[in-house]
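Participant: Before I ask anything, let me first share the structure, which is written out below as structure tokens.
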Amino acid sequence: MTAGLSDSAVSGPSAAALLARGICRALDQLGYASLTEFPLANGQRADILALGKTGDLVIVEIKSSVADFRADRKWTGYREFADRLYFAVPNEFPAILIPEECGLMVADAFGAALLRDGITTPLPAARRRAMTLRFARAAAARLRRRRGCGASSTRRPRFWARRGDRHSAVLIV
């Protein structure tokens, strides 16, 4: 699965973006909705956060090279925000470097293969609820921006308020 990443000189953000594309496609086939670059409550940003049909939350950390893996240890703080943590790497990445408690995916720009599941550590109910709400709000905000419906920073948002009966409404500016 190296299509799109076959040139070993390709690394960095462009390689990670190609991997993210393939991973999100694979997650979709597995029944997960996914968001990239998801901000966490601790100030970190997960490469991919995915929400399953049963409400399970998965974080996928993308590593496009061994140098990327060795230089970045922020992923250790992700465990408290997901039921499972996966690493997604290109085919030529040495799998032995990935910790055993983490899941492993091999990915390219067009898809990903799940090589092993990570250890499942269920989130506390309050954290799961908070993460699910943040996921939903982030997804809605991204959809609004994509459709050009985002609030402008120069204008105050407008709200409709109902008065008395159901036929009258007032625009609050």
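Participant: Check residue 30: other-chain or 5+ apart residues with amide H under 5 Å from its amide H, H built from backbone geometry?
Facilitator: none
Participant: Can you give me the long-range amide H partners of residue 88? Hydrogens built in the peptide plane at 1.01 Å from N, cutoff under 5 Å, separation of 5 or more residues or another chain.
Facilitator: HN-HN under 5 Å from residue 88: 61, 62, 63, 105.
Participant: Could you tell me the extents of region 52-120's C-alpha atoms along the three principal axes, largest first, rounded to whole Å?
Facilitator: Between the extreme Cα coordinates on each principal axis of region 52-120 lie 33, 26, 19 Å.
Participant: Considering amide H positions built from the backbone, and no H for Pro or chain starts, which residues 5 or more places from residue 46, or on another chain, come under 5 Å of its amide H?
Facilitator: 38, 40
Participant: Return the equivalent ellipsoid semi-axes of region 13-146 as a descending list in whole Å, where each equals the square root of 5 times an eigenvalue of the C-alpha gyration tensor.
Facilitator: Its equivalent ellipsoid spans semi-axes of 22, 17, 14 Å.
Participant: Please turn the phi angles of region 126-133 into ³J(HN,Hα) values with the Karplus equation 6.51 cos²θ - 1.76 cosθ + 1.60 (θ = phi - 60°), one per residue in order, whole Hz, x for glycine and proline.
Facilitator: 5, 5, 4, 4, 4, 5, 5, 5
Participant: Still on this structure: Quick one: dipole size for region 13-146, taken about the Cα centre, charges +1 on Lys/Arg Cβ and -1 on Asp/Glu Cβ, in debye to the nearest 20.
Facilitator: Computed about the Cα centre, the dipole is about 760 debye.
Participant: Could you point to the residue in 38, 81, 143 farthest towards the positive end of region 13-146's charge dipole, with +1 and -1 charges on the Cβ of Lys/Arg and Asp/Glu respectively?
Facilitator: Highest projection toward the positive end goes to 143.
No value in this document is a laboratory result; all are computed from the given coordinates. As the structure is a prediction and not an experimental result, all values here were calculated from the model. Neighbour counts run over all protein chains shown; Cβ positions are idealised from the backbone, glycine included.
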